[in-house]
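Single-structure report; data block below.
The values are calculated or read from the model by the stated rules, or taken from the named source; none is laboratory data. In this text the structure is predicted, and so the values were computed from the model without any measurement. Every residue, glycine as well, gets a Cβ built from its backbone with ideal geometry; the counts of neighbours run over all protein chains shown. Ligands, DNA and RNA are excluded from the accessible area calculation, which covers all protein heavy atoms including side chains. Shrake-Rupley method; radii C 1.70, N 1.55, O 1.52, S 1.80 Å.
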Amino acid sequence: MNTLKSISLLGASGSIGTQTLHVIRSHPDEFRLVAMSIGRNIKVARAIIEEFRPELVAVADATAYAILRSEYNGKVKIVYGEEGLIEAATHPKATIVVNAVVGSVGLVPTLKAIEARKTIALANKETLVTAGHIVTEAAKNYNVALLPVDSEHSAIFQCLQGEQRKNVEKIILTASGGSFRDRTREQLRNVTVEEALRHPNWSMGAKITIDSATMMNKGLEVIEAHWLFHLPYEQIDVLLHRESIIHSLVQFHDSSIIAQLGTPDMRVPIQYALTYPDRLKLVHAKKLNLAEIGALHFQSVDFDRYRCLQFAYEAGKTGGSLPTVLNAANEEAVAAFLSGRIAFLTIEDLIERALERHNVIKQPTLEEIREVDRETRRYIQSLLI
C-alpha cells in the first residue's frame, strides 16, 4: 500500500516548480501539495490554489499577501517574506521540501527545513554554492537526505546507486554549451538578451538560461557536486555534449564508466527525487530512441572561452566565502544584463572584479555568508551607476 508523500514546493511558479506540479498532478495517489511559495505572481498563485488546495502559501511581499489573504481568508493560510518562506519550508505536514527558488534566498529556508527533519529535494544551486559546509554538516547532524534535482547531479546520483564511493575515480558533468556554443568570444560582444535566452535543448527560466550561456551554470554545478558527492575538485570534470542526452557520467578506478541517458526532460530528475528509491511511470514522456538520434558529440571545455567556469573552479578550490562572492556577483551581473544595463561579456568582468577584491573568510558563519552576499551585491551595484 502506497504512502502519500506531502510536499512543500518553494518556487512554484518557476520552471522547476511548474514541472514539479506536473509530476504531482500526474500521480495524485502518490503526492499531495501541502505548502508552497510563489513570489509575486498572483494569477498563477490563484490557479495553483484552486487546483491543488495547499494549506499554506508564502508570497514575496505584503502587497501580494494582502490580495490573496482577502480572497482566501479562512481557506488557505497566506504568509509572506523570508519568515513566510521558512514557514512553508517547515510546514508540519510536509515530508519533502522541493527547493526550486532561484538565488541565495533559498539558503535559510533549506537550513530550517533540515532542522525540521524534512527530506530535501534540491534544485536551488545557490544553497550549496554559498554555504555548502554548513548545509551538508546540518544534513549529517539531523540525518536528513539531500536529493539532487538538477539533471546532472541526479544523473550522478543514479549512476552511484549500488556502488561504493571509494571506487569512484571521477565524475563528469555534461554541458550543452548554451545559446552561444558555436560563437567565438569576438562574436559575443554585441549579443542581445533575446539571443541569449534561446537555449538549444532545455526550457528553463531566464536567469538559468543566461548562466548556461556563460557556463556559470556548470560552474555552480561543479561546486554543488563537490558538496553533494564529497569529492575534491580534481575529481570533477566538465564535458561539452551538444545533444544533452547523456546527463552525466561516473568513471571508476577499473576504467568503467556508467552514464545516465534520457531525453532532455526535467520532470525525470524531479520525479526521481520525489520517488527515490522507487521509480514511477513518467506521464507523457518522450522515450529515448538512440537509433533515431544516430550520433552523440563530445568535446573538451575551453576555459579561455568560458571564463565563468574557470572562475567557479578557482572559487571552489579556494573555498571559504569566495563561492558566496561568485554567486552574488553573478546574480547581480545577470540581472543587469537581462535589464539591458550591461553587455553580455561584462557579466564576466564584474564577477572577476568582485572575486579579486574579496578577502576570503576561511570558515564563514551563516551570518558572515549573508553579509558577504549583501556586500558583494552592493559592490556590483556601485559599478553599474
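Note on surface exposure: Thr184, Thr324, Thr90 rank Thr184, Thr90, Thr324 by accessible area, highest first, 1.4 Å probe.
Give the Debye-formula value of log10 I(q)/I(0) at each listed q (0.16 Å⁻¹), with one equal scatterer per alpha carbon of segment 243-334, two decimals each. Listed by q, the Debye log ratios stand at -1.04. Take segment 296-385 with all the other protein chains still there, run a 1.4 Å probe, and you get 47 Å² of accessible area per residue.
Dipole of segment 177-305 computed with +1 at Lys/Arg Cβ and -1 at Asp/Glu Cβ about the Cα centre; of Ser248, His230, Ala291, farthest Cα towards the positive end is Ala291. Could you pull out every one of the lysines with an alpha carbon less than 25 Å from that of Lys362, ignoring same-chain neighbours closer than 8 positions? List returned: Lys112, Lys125, Lys140, Lys218, Lys317.
Here the chain is treated with +1 on each Lys and Arg Cβ and -1 on each Asp and Glu Cβ, and its dipole about the Cα centre works out to around 840 debye. In this rough spin-label picture, where each label sits 7 Å from Cα along the Cβ direction, the Glu234-Glu367 distance is 3.8 nm. D by Stokes-Einstein for segment 1-116, Kirkwood Rh over Cα pairs, 25 °C, 0.890 mPa s: 178 µm²/s. Here segment 43-173 is treated as a Stokes sphere of Kirkwood radius computed over C-alpha pairs; at 10 °C and 1.306 mPa s its diffusion coefficient rounds to 97 µm²/s.
Heavy-atom surface analysis with a 1.4 Å probe gives segment 310-385 a carbon and sulfur content of 49 percent of its accessible area. Site pair Asn190 and Phe252 shows an inter-label distance of 5.4 nm when each label is modelled 7 Å from Cα along Cα→Cβ.
Apolar share of the accessible surface for segment 194-285: 54 percent from carbon plus sulfur atoms, 1.4 Å probe.
For Lys43, a cut-off of 14 angstrom between C-alpha atoms picks up these aspartates and glutamates, skipping any fewer than 8 places away in its own chain: Glu51, Glu71. For Ala62 and Leu338, a Förster radius of 25 Å and the Cβ-Cβ distance give a FRET efficiency of 0.50, rounded to the nearest 0.05. Counted over all Cα-Cα pairs of the chain, pairs farther apart than 28 Å make up 45 percent. By the Cα gyration tensor, segment 9-53 has an equivalent ellipsoid whose semi-axes, rounded to whole angstrom, run 17, 11, 8 from largest to smallest. In a reduced charge model with +1 at each Lys and Arg Cβ and -1 at each Asp and Glu Cβ, segment 332-377 shows a dipole moment near 80 debye about its Cα centre.
Assuming charge only on the beta carbon of Lys and Arg (+1) and of Asp and Glu (-1), the dipole of segment 137-242 about its Cα centre is about 120 debye to the nearest 20. Dipole of segment 29-150 (Lys/Arg Cβ +1, Asp/Glu Cβ -1, origin at the Cα centre): which of Val102, Ala121, Ala88 lies farthest to the positive side? Comparing the listed Cα positions along the dipole, Ala88 ranks first. Our Cα-only numbers for segment 64-122 put the radius of gyration and Dmax at 12.3, 33 Å. Taking the chain as a Gaussian network, Cα atoms linked when under 10 Å apart, which of Asp373, Asp211, Asp29 shows the biggest mean-square fluctuation? Of Asp373, Asp211, Asp29, the most mobile in the Gaussian network model is Asp29. Full extension of the chain segment joining Ile385 with His297 gains 27.4 nm, where the gain is 0.36 nm per residue of separation less the Cα-Cα distance.
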